[in-house]
Amino acid sequence: LSCNSGISAIHGLLSSKTSLYPALHKKISPSCVCIKRAADIQSVRAATSATADSQINEKYCLDLVRSRDYDGFVSSLLLPEEARRSSLALRAFNVELAQVKDSVSQKTIGLMRMQFWKTAIEEIYRDEPPNQPVSAELWRAVRKHYLTKRWLLRIITEREKDLDDRAYRNLQELEKYAENTQSSLIYLLLECLGLKNVHADHAASHIGKAQGIVTCLRATPYHSSRRKVYLPMDICMLHGASQEDFIRGSREQNVRDVVYDIASQAHVHLQHARSFSNNVPAAANLAFLQTVVLEDYLQRVRRADFDVFHPSLKNRNPLVPIQLYIRSWKKSY
């Protein structure tokens with residue numbers, strides 16, 4: 001009996017063992033393993049590719065801003081980490097638009113470029129950004145900080161109007177251009193810092209206007225070398241200075257008087273901006289670091305007796321980055 005029982009037990013074990021083979025085979029089929037492994041590899045590759053693309057886009061914006069807007073580049077590096085990359089994306093966007101005017105030979109081509117950016121903004125807010133580095137980085141910034149679309153579109157619209165390539169009729173027209181471009185950019189930087197404050201917005205408006213005016217002055221020697229003058233016509237007429245005076249680089253008193261009046265208006269806007277400082281959140285000061293650059297130019301042009309063509313104004317002040325750092329540490333503007 002015990003012998004028969006042992007044989008039965010062995011037989012049962014063998015039969016059950018045999019029945020496991022199909023199940024085991026089914027469970028760890030080589031084809032299933034290969035498919036899963038291939039899917040895993042594809043997923044890893046896709047993630048790696050996306051990360052690589054993101055790093056390439058970030059580097060593209062960083063290099064563009066460093067080469068075309070160095071002061072803005074240094075200012076961006078001094079922002080908190082969560083806002084730094086988005087700031088560079090916004091400044092790269094601004095550079096892309098700013099260089100359209102000088103890089104196209106026909107207005108029609110410039111209008112096409114502007115239309116590309118208008119369409120790109122709409123696509124960014126539909127989460128369908130164009131396959132372009134600045135657009136991709138801008139999309140990332142929009143998603144992260146919920147940036148206001150109106151400010152982005154306003155910058156494009158104003159840059160598009162500026163393709164007409166003519167001098168500003170008066171100082172108010174230059175200020176309006178500066179408000180719609182430079183001030184809009186600062187509003188967006190405030191949003192990157194998570195700030196919505198009416199006093200900060202008022203300060204940003206005046207700082208943007210001052211920056212637009214100073215930019216126009218700083219670019220005068222470059223534009224004059226290309227036989228173009230964009231300074232407000234009403235102030236030029238007031239002092240009897242013609243466009244030809246600027247084109248030939250005149251350093252006469254009437255030309256200096258024009259520069260003095262325009263520079264003085266930039267200074268007034270900086271003073272207005274500072275009148276809000278007691279009510280502006282400390283964190284907002286990091287969006288206003290450009291005031292250091294504006295002050296530096298206004299001081300240097302004053303030392304040059306408002307001679308916009310003076311050789312000392314051609315080179316960048318090497319101390320500005322240090323001054324920017326000190327201002328960021330003091331949290332003042």
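The values are calculated or read from the model by the stated rules, or taken from the named source; none is laboratory data. Because the structure is a prediction, the values reported are computed rather than measured. Neighbour counts are summed over all protein chains in view; Cβ atoms, including those assigned to glycine, are modelled from backbone coordinates with ideal geometry. What goes into the accessible areas is simple: the full protein's heavy atoms, side chains included, and nothing from ligands, DNA or RNA. Shrake-Rupley method; radii C 1.70, N 1.55, O 1.52, S 1.80 Å.
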Ranking request for peptides 214-220, 80-86: highest mean number of other beta-carbon atoms within 10 Å first, then the rest in descending order. 214-220, 80-86
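Working out 0.36 nm times the residue gap between residue 122 and residue 157, then minus their Cα-Cα distance, what length gain in nm do you get to one decimal?
Fully extending the segment from residue 122 to residue 157 adds 11.2 nm.
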114, 237, reordered so the largest accessible area comes first (probe 1.4 Å): 237, 114
At a Förster distance of 41 Å, what's the computed FRET efficiency of residue 330 paired with residue 219, Cβ-Cβ distance as r, to 0.05? 0.85
Kindly sort 139, 117, 151, 329 by accessible area of their heavy atoms, largest first, with the probe set to 1.4 Å. 329, 139, 151, 117
Whole-Hz Karplus ³J(HN,Hα) for the stretch 183-188, in order, using 6.51 cos²θ - 1.76 cosθ + 1.60 and θ = phi - 60°, x for Gly and Pro? 5, 4, 5, 5, 4, 5
Sort 125-133, 182-190, 292-300 by the packing proxy (mean of other Cβ within 10 Å over each peptide's residues), most packed first. 182-190, 292-300, 125-133
Simple Cβ-charge dipole of the stretch 41-190, Lys/Arg +1 and Asp/Glu -1, about Cα centre, in debye nearest 20: 160 debye
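Apply 1/(1 + (r/R0)^6) to the Cβ-Cβ distance of residue 82 and residue 234, taking R0 = 41 Å, and write down the FRET efficiency to the nearest 0.05.
About 0.40, to the nearest 0.05.
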With DNA, RNA and ligands ignored, accessible area of residue 310 (1.4 Å probe; Å², nearest 10): 60 Å²
What distance in nm separates the simple spin-label points at residue 227 and residue 277, each placed 7 Å from Cα in the Cβ direction? 4.6 nm
Residue order for 262, 109 - accessible surface, 1.4 angstrom probe, largest first: 109, 262
